[in-house]
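Every number in this text was worked out from the coordinates using simple rules, so none of it is lab data. Since this is a predicted model, take the numbers as computed values, not measurements. Methodologically, a virtual Cβ is constructed for each residue, glycine included, from the backbone with ideal geometry; neighbour enumeration extends over all protein chains shown.
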Amino acid sequence: MQDVTRKAAGHSNRIRATRSDRIFDTVNILIMVAILIIIIYPLWFVIIASFSNSQLVTTGKVLILPKEFHLQAYRKVFSDNRIMTGYRNTIFYTFAGTFLNVIFTLSLAYPLSRKDFMGRNLIMGIMSVTMFFGGGLIPTYLVYKQLGIVNTFWVMILPGLISVYNCILMRTFIQGLPYDLQEAAMIDGCGNIGILIKVVLPLCKPIIAVMVIYYGVAHWNSYFNALVYLSKKELKPLALILREILVTNTTTASEMESAGGAESQMEMQRIAESIKYSVIIVSTFPMLCLYPFVQKYFAKGVMLGAIKG
Amino acid sequence: MQKASKTPVKRYGFRHDLRRSLRRNWALYLLVIPGLLYFILFLYWPMYGVIIAFKDFSPNKGILGSPWATYRGTVDIFKHFKNFFTSIHFYRTLRNTVQISLYTLAVGFPIPLILAILMNELQNQRFKQIVQTVTYLPHFISTIVLCGMLWIFMRSDTGLFNILRGKLGLPSISFLNDGRYFKSIYVWSGVWQNAGWGTIIYMATLSSLDTQMYEAAMIDGASRLQTVWYITLPCLLPTAIMLLILDCGSFMSVGFEKVFALQTDLTLEASDVISTLVYRKGILETSYSFSSAVGLFNSLINCFLLVTVNFISRKAANISLF
């Protein structure tokens with residue numbers, strides 16, 4: 001924005017940058033470059049370490065570029081049953097969960113946006129209370145057990161089905177749409193469901209995009225529910241597998257296999273190290289691929305939230 | 001329909017309005033039912049379950065069937081609370097929670113503001129775009145991957161941090177096994193991940209400012225530093241105060257996932273917070289009632305804080321959540 005000012009000034013009588021301004025700019029750029037390095041370097045290091053000989057990585061020989069390039073770690077990751085099952089589970093939870101999230105949030109947000117819908121304040125009240133007070137972990141656990149969803153895939157989808165915050169965002173967005181359109185449809189004899197599907201839904205595309213990203217990222221990254229409610233191996237999401245590999249250092253199935261083989265202890269440990277780096281890349285890759293496309297929507301969501309606040 | 005309900009000459013009673021709303025908007029009520037059911041089943045039902053905090057819960061007897069908490073033969077429904085208040089956990093978790101929250105607030109609040117101001121001052125639009133894109137990026141990395149990276153980087157001898165320390169001739173430190181470093185690691189990794197993301201709201205505020213202010217200041221001979229101090233900063237202040245209030249509201253809720261993924265038995269003294277205690281006691285050690293009591297205590301404090309902060313902010317700055 002200041003750039004514009006500068007350009008405008010540049011036409012006729014350009015205000016020359018003073019010495020102090022030039023110093024300010026230089027320092028500012030230096031700070032920014034430092035910040036860029038701090039942010040990018042750890043990520044870059046993970047990437048080069050995943051392709052390098054892990055012995056060189058752990059002794060500090062790999063710092064800028066990969067050395068002794070190989071894909072062995074990736075081959076291990078993609079042939080590891082535990083990781084691949086986790087991957088499949090996470091994809092399923094994310095897609096199914098997000099789909100249901102959006103549908104249920106919309107179907108609750110739309111009536112709440114209508115001023116002629118009596119009882120909307122009561123429902124808003126019921127929802128708001130849950131933002132401030134909850135049963136806590138153990139009572140929730142007992143209830144889920146009673147509902148029979150512990151150790152089934154439902155426990156990864158149903159809890160958190162509707163986020164109060166997201167629902168309010170959506171309601172605010174719909175309220176911001178011109179109401180005349182809905183009225184016109186009503187006069188033409190369209191029912192409430194028809195209005196929702198034919199009039200409101202097409203106009204909601206931007207907010208639905210925001211919702212998909214919010215809910216989707218949350219599903220992709222969540223591990224708390226899985227940690228507490230899932231113990232079946234075949235249901236565990238990727239995040240939980242990552243925790244086992246990265247944090248609690250549980251050896252992977254393929255490592256066990258190789259332990260029986262001719263590979264030495266050292267070799268095993270080396271591969272285990274490489275796997276850590278490559279599994280980070282493999283699990284984060286889909287998010288980073290989506291990132292450039294969704295970046296603008298994310299910002300939009302933050303702004304919508306701010307307007308509400 | 002909205003207008004139609006406002007126009008009638010005669011005012012109808014509440015019952016009449018409700019009947020009409022039900023008749024005309026039955027489909028809307030139908031739409032709301034699944035959502036309401038969700039809130040009742042998954043959020044309100046557990047709320048009723050908190051009474052086990054006052055009972056000696058046994059899974060065989062169920063929530064209602066379990067007897068009230070008894071201490072030496074006499075009923076003392078606050079037994080579990082008393083146990084918590086007198087245990088070593090009480091002071092430790094409370095202290096850690098408050099310290100982590102304060103630390104996060106002190107560091108995590110000003111940094112995005114400063115970053116946004118600096119980013120806004122970048123003259124080259126392309127470079128500014130790159131800085132924005134890169135600083136937002138870590139926000140997309142999941143908590144568990146971030147913690148995994150920290151575990152790898154912080155390991156003694158072979159971790160990146162210690163390799164770099166070694167190059168400077170410094171001794172290797174096992175950062176994550178030493179309680180002294182826990183809070184700094186927690187807070188600064190959070191800054192690394194979220195500082196860029198936190199600038200979005202400020203950048204949006206800045207982009208809606210009137211450029212004439214800057215032009216006028218420049219014509220009057222203001223230096224860049226002066227325009228930052230006298231124009232940019234005051235313009236960002238209302239947004240900043242609002243965010244500060246929101247941050248204060250979530251003061252006592254230090255997230256479980258990150259703390260849990262970073263703590264070890266060696267650092268519990270510095271890293272144990274209420275949510276991790278609830279998990280350990282409840283899920284791992286199955287002391288259901290004790291854990292519920294701790295959780296209820298935390299919920300009550302959070303609730304109290306939110307309401308208080310909201311009240312103060314409404315009075316002082318006319319900003320409120322509800």
Residue separation between residue A:124 and residue A:95 times 0.36 nm, minus their alpha-carbon distance, gives in nm 7.7 nm
Each label sits 7 Å from Cα toward the beta-carbon; between residue B:229 and residue A:197 the label points are separated, in nm, by 6.3
Dipole check, the protein assembly as shown, charges on Cβ (K,R +1; D,E -1), about Cα centroid: among B:176, A:169, A:119 the Cα furthest to the positive pole belongs to A:119
Quick P(r) readout (the stretch B:51-92; Cα-Cα; 10 Å bins; whole %) gives 32, 44, 23, 2
Around residue B:148 (Cβ within 9 Å, Cβ-to-Cβ, excluding residue B:148; K/R +1, D/E -1) the net charge comes to +2
Expressed as a percent, the portion of alpha-carbon pairs in the stretch A:152-200 spaced more than 14 Å apart is 64
Going fewest to most other Cβ atoms within 10 Å around each Cβ, A:116, B:220 line up as B:220, A:116
Reduced to Cα centres, the span from the stretch B:51-122 to the stretch B:160-212 in Å works out to 26
The equivalent-ellipsoid semi-axes of the stretch A:74-308, taken as the square roots of five times the Cα gyration tensor eigenvalues and listed largest first in whole Å, are 43, 20, 14
Residues whose built amide H sits under 5 Å from the amide H of residue B:55, excluding neighbours closer than 5 in sequence, are B:69
For chain B, the Cα convex hull volume per residue in Å³ comes to 258
Note: the stretch B:14-79, point scatterers on Cα, Debye, no solvent; log10 I/I(0) at q = 0.14 Å⁻¹ equals -0.62
Length gained, residue A:56-residue A:177, 0.36 nm per residue minus C-alpha separation, equals 37.7 nm
A student asked for the Cα radius of gyration and Dmax of the stretch B:165-322 in angstrom ought to give 22.2, 70
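Starting from the Cα coordinates of the stretch A:15-142, work out the convex hull volume and express it per residue in Å³.
326
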Exposure proxy check on B:20, B:92: fewest-to-most Cβ neighbours within 10 Å is B:20, B:92
Note to self: C-alpha centroids of the stretch A:78-137 and the stretch B:14-33 sit apart, in Å, by 24
Quick calc of log₁₀ I(q)/I(0), the protein assembly as shown, Debye, one scatterer on every Cα, no solvent, q values 0.06, 0.10, 0.11, 0.12 1/Å, result -0.40, -1.09, -1.28, -1.44
Binned at 5 Å from zero, the C-alpha pair distances of the stretch A:93-200 give percents of 2, 11, 17, 18, 18, 14, 9, 6, 4, 2, 0
In chain B, whole DSSP H helices that both stretch 20 Å or further along their axis by alpha carbon positions and average at least -1.0 on the Kyte-Doolittle scale are B:88-108, B:179-207, B:233-249, B:288-317
Scalar couplings 3J(HN,Hα) for the stretch A:20-29 by Karplus 6.51 cos²θ - 1.76 cosθ + 1.60 (θ = phi - 60°), nearest whole Hz, x for Gly and Pro, are 5, 5, 5, 4, 4, 4, 4, 4, 4, 5
